[in-house]
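Asks: Okay, handing you the structure first.
The values are calculated or read from the model by the stated rules, or taken from the named source; none is laboratory data. Note that the structure is predicted; figures quoted are calculated from it, not measured. Note that each Cβ is placed from the backbone with ideal geometry, even for glycine, and that neighbours are counted across all protein chains shown. Accessible surface areas use protein heavy atoms only, side chains included; no ligands, DNA or RNA. Shrake-Rupley method; radii C 1.70, N 1.55, O 1.52, S 1.80 Å.
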Amino acid sequence: PEWIHEDLMAHPEYRTVFWDEAQRLLFNGGAFTPERAQPIWDALAAQVDQAVIGESIRWGNDLARARQSVWSAKIAQVRTNFFPTRTATVIAQLRQRNQYPATAAPTFNSYGGIVPAGFLLFMTNSVPGSTLYYALDGAVPRVRGNGVNPVALAYSPGTPITINAQTTLKARIRSGTSWSAM
């Protein structure tokens, strides 16, 4: 599968879909963010904890305490050293392999979910000299061939978008001919 993925990354449409999936998983409460992954890790560690004690006891009392303290220290190390930095590390690795765009994706003052009628949505474009395009009907701002979708609107920085009905907003930043993830 890796070689298939590597070959497909040469295709701009596949690459864009991959970037979007990485953005979804690695940001804004996605499955690979620390706030989502940490509780899964903690639950699995708790399930295995008693088995580690039992396995340690099998080797004798002195070693049992030593093994349990090593296990507990390793769990704490992963919790404090691995999870907080892992997302940034993965993004850096993907960028290094040209598998994630250098152009940063837009940020919002609220991501998904239900908002009250009249909600004021603000978007931020952190890429100087670029344009943030968005669509309110679920359309993607970038179309096949790297163009701008005719239904996409250019966002004016600092101007709120009022949300009064069910809306699917999709946004990307375009810097020259490069696009961000959605």
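Asks: Within the group Thr87, Thr16, Thr33, which residue is in contact with a strand residue (DSSP E or B) (Cβ under 8 Å, 6 or more places away or on another chain) and within 30 Å of Arg144 (Cα to Cα)?
Replies: Going through Thr87, Thr16, Thr33 in turn, just one is in contact with a strand residue (DSSP E or B) (Cβ under 8 Å, 6 or more places away or on another chain) and within 30 Å of Arg144 (Cα to Cα): Thr16.
Asks: Going by what's in this entry, would Val143 be described as free of Cβ contacts under 8 Å to residues at least 40 places away in the same chain, closer than 17 Å to Pro12 by Cα and surrounded by 12 or more Cβ atoms within 10 Å (Cβ to Cβ)?
Replies: So Val143 fits the description; yes.
Asks: Consider Asp62 against the criteria (1) in a helix (DSSP H, G or I); (2) at pLDDT below 90; (3) within 28 Å of Glu13 (Cα to Cα): it satisfies all of them except one. Which criterion is unmet?
Replies: It is condition (3) that Asp62 fails.
Asks: What are the residues in the range 12-34 that are crowded, with 16+ Cβ neighbours inside 10 Å and outside any helix (DSSP H, G or I), if any?
Replies: Listed by number, the residues that qualify are Phe27, Gly30, Thr33.
Asks: How many residues are among the aliphatic types (A, V, I, L, M), farther than 18 Å from Pro34 by Cβ and open to solvent by less than 60 Å² (accessible area, probe 1.4 Å) when one looks only at the range 74-116?
Replies: So the count comes out to 3.
Asks: Right, something else. Restricting to the range 164-179, name every residue that is under 15 Å from Ser110 (Cα atoms) and touching a Phe, Trp or Tyr at 6+ places or on another chain (Cβ under 9 Å).
Replies: Those that are under 15 Å from Ser110 (Cα atoms) and touching a Phe, Trp or Tyr at 6+ places or on another chain (Cβ under 9 Å): Asn164, Leu169, Lys170, Ala171.
Asks: Condition first: over 15 Å from Thr162 (Cα atoms) and either touching a Cys at 6+ places or on another chain (Cβ under 7 Å) or open to solvent by 60 Å² or more (accessible area, probe 1.4 Å) (or both). Now tell me which residues in the range 117-140 satisfy that.
Replies: Once the filter is applied, which keeps residues that are over 15 Å from Thr162 (Cα atoms) and either touching a Cys at 6+ places or on another chain (Cβ under 7 Å) or open to solvent by 60 Å² or more (accessible area, probe 1.4 Å) (or both), the range 117-140 yields Thr124, Ser126, Pro128, Gly129.
One line per residue, one yes/no per condition, for (1) within 17 Å of the chain's Cα centre (by Cα); (2) part of a helix (DSSP H, G or I); (3) under 30 Å from Thr159 (Cβ atoms); (4) modelled with pLDDT under 85:
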| position | (1), (2), (3), (4) |
| --- | --- |
| Glu6 | no, yes, no, no |
| Arg36 | yes, yes, no, no |
| Pro39 | yes, yes, no, no |
| Val52 | no, yes, no, yes |
| Thr85 | yes, yes, no, no |
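Asks: Another question, then. Could you list all residues from the range 156-182 that are over 23 Å from Val17 (Cβ atoms) and either surrounded by 12 or more Cβ atoms within 10 Å (Cβ to Cβ) or in contact (Cβ under 8 Å) with a residue 60 or more places away in the chain (or both)?
Replies: Pro160, Ile161, Ile163
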